[in-house]
Amino acid sequence: MAADIRNTAPFKALAAQTDAELLTRGLEVDPVAVHNVLAHMVNLVADRMGIQPRSALRYVDPSATADTIAKAADPATAGAENVHAVRPVRVDDREVVLPRFAPGRPLMALAQAAKYASGNGNQRITDHALDLITELGAATSADLDSPDMRVAVGVLDEAADILERVAARIETDGWSLCQCGEDHQGGLDTKVAATMRGDADFARQLRAHVDN
């Protein structure tokens, strides 16, 4: 089984090469997910060629594997909402200094976005929003003696992106918190989408303080 070779040096080298290929595509993927995909591809090659998985390693191309993962994670791909181990690479490692109360609005908006995504079957957005909530919460609770806090620019960028995407799904795909099939909540959902776009703008305004 491919699982038997995961601790071998060739498999780890292949995983490292695949991670590097993913970074060039702007993606950061959970290592366990990368290993699972590689193990699956090694098994496929071994079965098709009638050889042992250890021998099949040499035929698995890290670039092709990265392409497979990137395609599966593309929002335009059917089922991409379930690919929840993929995150955009944060190229900008700067931080924004903000008043400690400032992230309250993005936190509430992300919680609402996670609720909509979860209720409409999009685990990827749900998990990403919850991760951002955790990061913002950790930043808010750090160094409580100071009236200010530091937030990674990438957190605010990703928060704005998620809020825009959820707002778009509400407007174009009919996402709703009520799944009864009746349209009694349509007006409320429309207002929520508009509010989320405002929340996304607010996150971008906070992000703009990075150079101040």
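Could you list all residues from the stretch 123-139 that are farther than 20 Å from Arg204 by Cβ and touching a His at 6+ places or on another chain (Cβ under 9 Å)?
Of everything in the stretch 123-139, those that are farther than 20 Å from Arg204 by Cβ and touching a His at 6+ places or on another chain (Cβ under 9 Å) turn out to be Gln123, Arg124, Thr126, Asp127.
Residues of the stretch 1-38 being in contact with a Pro (Cβ under 8 Å, 6 or more places away or on another chain) and small (Gly, Ala, Ser), which ones?
Listed by number, the residues that qualify are Ala2, Ala15, Ala20, Gly26.
Of the residues that make up the stretch 122-139, is at least one in contact with a Pro (Cβ under 8 Å, 6 or more places away or on another chain), more than 11 Å from Val155 (Cβ to Cβ), assigned to a helix (DSSP H, G or I) and in contact (Cβ under 8 Å) with a residue 40 or more places away in the chain?
no
For the stretch 20-55, give me each residue that is of a type in the set (Gly, Ala, Ser), assigned to a helix (DSSP H, G or I) and closer than 19 Å to Arg87 by Cβ.
Applying the first criterion (of a type in the set (Gly, Ala, Ser)) to the stretch 20-55 yields 20, 26, 33, 39, 46, 50, 55.
Okay, now just the ones that are also assigned to a helix (DSSP H, G or I), so 20, 33, 39, 46, 55.
Of everything in the stretch 20-55, those that are of a type in the set (Gly, Ala, Ser), assigned to a helix (DSSP H, G or I) and closer than 19 Å to Arg87 by Cβ turn out to be Ala20, Ala33.
Being within 32 Å of the chain's Cα centre (by Cα) and not small (Gly, Ala, Ser) is the filter; apply it to the stretch 40-53 and report the residue that is surrounded by the most Cβ atoms within 10 Å (Cβ to Cβ).
Among those residues, the one meeting the criterion is Val42.
Looking at the structure I just gave you, is Leu177 more than 19 Å from Phe101 (Cβ to Cβ) and touching a residue at least 12 places away in the same chain (Cβ under 8 Å)?
Answer is yes for this residue.
Given the conditions (1) among the small types (Gly, Ala, Ser); (2) assigned to a helix (DSSP H, G or I); (3) buried (at least 16 other Cβ atoms within 10 Å of the Cβ), which single one is not true for Ser176?
Among (1) among the small types (Gly, Ala, Ser); (2) assigned to a helix (DSSP H, G or I); (3) buried (at least 16 other Cβ atoms within 10 Å of the Cβ), the lone unmet condition for Ser176 is (2).
Looking only at the stretch 119-139, how many residues end up being of a type in the set (S, T, N, Q) and either more than 14 Å from Ala167 (Cα to Cα) or not assigned by TED's automatic domain parsing to the domain that holds Arg207 (or both)?
2
Has the stretch 106-117 got any residue that is in contact with a helix residue (DSSP H, G or I) (Cβ under 7 Å, 6 or more places away or on another chain), in a loop (DSSP other than H, G, I, E, B), buried (at least 18 other Cβ atoms within 10 Å of the Cβ) and in contact (Cβ under 8 Å) with a residue 40 or more places away in the chain?
no
Which residue is modelled with the lowest pLDDT, if the candidates are limited to the stretch 62-113 and must be among the β-branched types (Val, Ile, Thr) and under 21 Å from Arg150 (Cα atoms)?
The first filter runs over the stretch 62-113 and keeps only residues among the β-branched types (Val, Ile, Thr), leaving 65, 68-69, 77, 83, 86, 89, 91, 96-97.
Okay, now just the ones that are also under 21 Å from Arg150 (Cα atoms), so 89, 91, 96-97.
Details: Val89: 77, Val91: 73, Val96: 93, Val97: 94.
Among them, the one singled out is Val91.
Given Asp189, Asp199, Asp148, which one is under 25 Å from the mean Cα position of the chain (by Cα) and in contact (Cβ under 8 Å) with a residue 24 or more places away in the chain? Lay out the reasoning, then the answer.
Details: Asp189 fails: in contact (Cβ under 8 Å) with a residue 24 or more places away in the chain; Asp148 fails: under 25 Å from the mean Cα position of the chain (by Cα).
The unique qualifying residue is Asp199.
The values are calculated or read from the model by the stated rules, or taken from the named source; none is laboratory data. The structure displayed is predicted, hence computed values, not measured ones. Reconstructed Cβ throughout: ideal geometry from the backbone, glycine too, with neighbour counts over all protein chains shown.
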